Amino acid sequence: MFISLRPWKNDQGALIDPVSPNAANLIDADESRKWGVLPWEVIGNRVWVAYSDVAFKEDVCKRLSSWEVIFTEALPEEIEYAQDRVYGLPKNMADIRLGGILLQQGKIEADDLLFALDQQPNFGGKLGAILSSDNRANYWEIAEGVARQRMLPVISLVEQAQLTAKHPSTQNVWTQLEDSFWIRHQCVPIAVYGNVLTIAMVDPDDAGAIEELKAKTGLELSITITGFRDITAVYAAYYQDIHSAKSREGLKNVLPEWSAHKRFSKVQWVMMMTTIFLVVLCLLLWFLPTLLTINIGVQIFYIMNSIVRLNWILRSTKMPLEVAVTDTDLASVDRTSLPIYTILVPLYKETAVLPTIKRALLRLDYPKDRLDVKILLEEDDTETIAIARSSQLPNYVDLVIVPSSEPKTKPKACNYGLLRARGDYVVIFDAEDIPEPDQLLKAIATFQSVPDNVACVQAKLSYFNGSQNMLTRWFTAEYAMWFDLLLPALYASDLPIPLGGTSNHFRTDVLRKIGAWDPFNVTEDADLGIRLHRDGWRTAVMNSTTHEEANSEFVNWVRQRSRWVKGYLQTWFVHMRHPVHLWKELGPKGFFGFQIVVGGTPLTFLLNPLLWALTTSWFAVGSPIAHDLFPGWLYYTSFVNLLLGNFAFTYSNVSGMARRGAWGLVKYAALSPIYWTFMSVAAWKGTWQLITRPSYWEKTTHGLDTSYAENFTKGVGM
């Protein structure tokens, strides 16, 4: 017979304890604890006794020889906490359980303790971390409880963070270990006296940290307990300037040729100026033949671009090419051993979407005590900082203030957050994102199933307000084509993948190794995807979707798309500084794919208006130049190219919407060629900004209509 000793609530909400004090007091507390048993009910001459180990049954029977004993099996932790309830806490402080201390101090209720005990068998984790991550106790209360349990001193560091960080005796200790060591192990040096280092820790059971500290410093340790918020306050004080410089200059200093801190290399400048000079000279000497030659080159580019892209799309339409994580795969993931997962959420002047990301974080199906969420706030955005601090965010959310510096870009903020990351894995979510609740679990399952050289897993992106207006419908069709068809085809073909701006999951150690994001590149995601591939790593695409907010206003949309085009151009010029090296690292197939996707995409949008102008002049005024530029054979070739290009673009968008099952939007995807004109406007604006303001991050406004996000999370629909 098995019995649960947990208190339970009756229909009136009253808490009922199944353990009768009259029964429990039939043996004394010391015997009960020594034998691991507890009498919990007595009726007449019968007494029911809970046990977890059969070894002491005989002792119990002797002690209760005048009673009829009925043994019932129970979990050892339930017996221990029941003993605390009826006998009080044991006198030996080393034997006190943290839950009992917190109950005795009135920091938690019995319901809170029962919740944590329910979580532990299924998800693992420490009781204090479970209680704090679920906002059932704050970090300082847990620290006080741990200090009392271990009979160790407790110290508050929030008010003296600057003094602690700058203590003269510890400056050498800080530098003897990597930044990642201090941050991952949640400890800081307090002071050094003689050969003794006083260290403040959140978890005194972290034997690995203690051993490494002793080995690296050669000092004896004196351990003090503190809270997680105290630790992060000290990190902010000590690392602010150090990490600010690293977030700006890290890639530029270590791998300058892979950084967009300068627009073009000297060789590229010379080649561009030489090309312009030669083209102008040829136009002056051979005007029409030169234009005809350029036109032939453009037509060849268009037809190759259309055929290659259409081939990729057709391959994806035949069968899903992404990593398909099934319910069975998720069920096989051991949740008790899941690693810490860092989530970076860059946020700048977007107070309207704070409720969206809060709801999205709460919906995530992942042990909350292993979530390391960092909302990245710019130092000068005082309004958002104030609102975020008053938003009652979960305890596992850490507000990280990014020092003001140039360039003021999302990748710089992400670099700053990465330097504070504790997770084995890290993912980016934009502030308006709503990832599927099981996305982190799917990412873990994907990493476990793919080869070891896969360093990134890209989730798909779509929009929760796709039906808001015509612009959002076209935008949704573009994303469906890109993330549901094109990127999976690139993954299946082992081609470099330009990442999406959000929901890319990384192995943290690899991300740090390759220099993380380029703060000077305004499509840092695409650039990072190419750098990963060049360094021998691969990106997988998985069957999980993050829903975002599609821009519903044209001017706002142009800001985002022009930044995207500018960033693709930046990425192309950065990686084409040394074409021979790029060829060797990507291989012929990868090099060609890079030209089509990263170079060809913005080039198409830039060339379209010029060709449209020629076409218009042909039909409208019968321009002689247009006739000369399109002799018969080239005219028919161009006409076929026009039909093929429009068909490929439209078919891709329609197929993407069909693959996603958004049948109500398919008919609007058929009008996608109109969307081309908008993209060309954005492309030319982005090109101009590449020359005048290359690293300027043109802010996109989100939260224009928050009802779509709210309805989506409630399951109302798009």
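The values are calculated or read from the model by the stated rules, or taken from the named source; none is laboratory data. Model, not experiment: these values are computed from the prediction. We place every Cβ from the backbone using ideal geometry, glycine too, and count neighbours over all the protein chains shown.
Here is a check on your reading of the model: is residue 225 out of contact with any Phe, Trp or Tyr (no Cβ under 8 Å at 6 or more places or on another chain), in contact (Cβ under 8 Å) with a residue 12 or more places away in the chain and not acidic (Asp, Glu)? I'd like the intermediate steps shown before the answer.
Working: out of contact with any Phe, Trp or Tyr (no Cβ under 8 Å at 6 or more places or on another chain): yes; in contact (Cβ under 8 Å) with a residue 12 or more places away in the chain: yes; not acidic (Asp, Glu): yes.
Answer is yes for this residue.
Does any residue of the range 551-568 turn out to be aliphatic (A, V, I, L, M), in contact with a Lys or Arg (Cβ under 7 Å, 6 or more places away or on another chain) and surrounded by 24 or more Cβ atoms within 10 Å (Cβ to Cβ)?
For the range 551-568, residues aliphatic (A, V, I, L, M), in contact with a Lys or Arg (Cβ under 7 Å, 6 or more places away or on another chain) and surrounded by 24 or more Cβ atoms within 10 Å (Cβ to Cβ): absent.
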Is there any pair linking a residue in the range 563-587 that is under 9 Å from residue 602 (Cβ atoms) and in the same structural domain as residue 599 (by TED's automatic domain parsing) to one that is surrounded by 20 or more Cβ atoms within 10 Å (Cβ to Cβ) and aromatic (Phe, Trp, Tyr), with Cβ under 9 Å and at least six apart or on different chains, and which? 565/605; 572/594
Among helices (runs of 4 or more DSSP H) entirely inside the range 435-520, those with 3 or more residues being in the same structural domain as residue 327 (by TED's automatic domain parsing) and of a type in the set (Ser, Thr, Tyr) are 470-479
Test result for residue 615, surrounded by 12 or more Cβ atoms within 10 Å (Cβ to Cβ) and either outside the structural domain of residue 523 (by TED's automatic domain parsing) or at pLDDT 70 or above (or both): no
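Out of everything in the range 244-266 that is in contact with a Lys or Arg (Cβ under 7 Å, 6 or more places away or on another chain) and part of a helix (DSSP H, G or I), what residue ends up being farthest from residue 154 (Cα to Cα)? Give the derivation first.
Looking only at the range 244-266, we keep the residues that are in contact with a Lys or Arg (Cβ under 7 Å, 6 or more places away or on another chain), and these are 247-248, 257-259, 261, 265.
Cutting the leftovers down to part of a helix (DSSP H, G or I) gives us 247-248, 257-258.
On the way: 247: 33, 248: 36, 257: 49, 258: 47 Å.
My answer is 257.
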Please specify each residue of the range 27-47 satisfying the condition of being surrounded by 20 or more Cβ atoms within 10 Å (Cβ to Cβ) and either closer than 14 Å to residue 70 by Cα or charged (D, E, K, R) (or both). 37, 38, 39, 40, 47
Select, from 274, 328, 290, the only residue that is touching a helix residue (DSSP H, G or I) at 6+ places or on another chain (Cβ under 6 Å) and either of a type in the set (A, V, I, L, M, F, W, C) or part of a helix (DSSP H, G or I) (or both). 290
Some residue of the range 315-327 being modelled with pLDDT of 90 or more, surrounded by 15 or more Cβ atoms within 10 Å (Cβ to Cβ) and either in contact with a His (Cβ under 6 Å, 6 or more places away or on another chain) or of a type in the set (A, V, I, L, M) (or both): yes
Which one of the conditions (1) assigned to a loop (DSSP other than H, G, I, E, B); (2) charged (D, E, K, R); (3) under 17 Å from residue 138 (Cβ atoms) does residue 369 fail to meet, given that it meets all the rest? (1)
Checking residue 175 against (1) more than 30 Å from residue 332 (Cβ to Cβ); (2) touching a residue at least 12 places away in the same chain (Cβ under 8 Å), the condition it does not meet: (2)
So if I check each of 152, 157, which one is over 27 Å from residue 378 (Cα atoms) and among the hydrophobic types (A, V, I, L, M, F, W, C)? 152
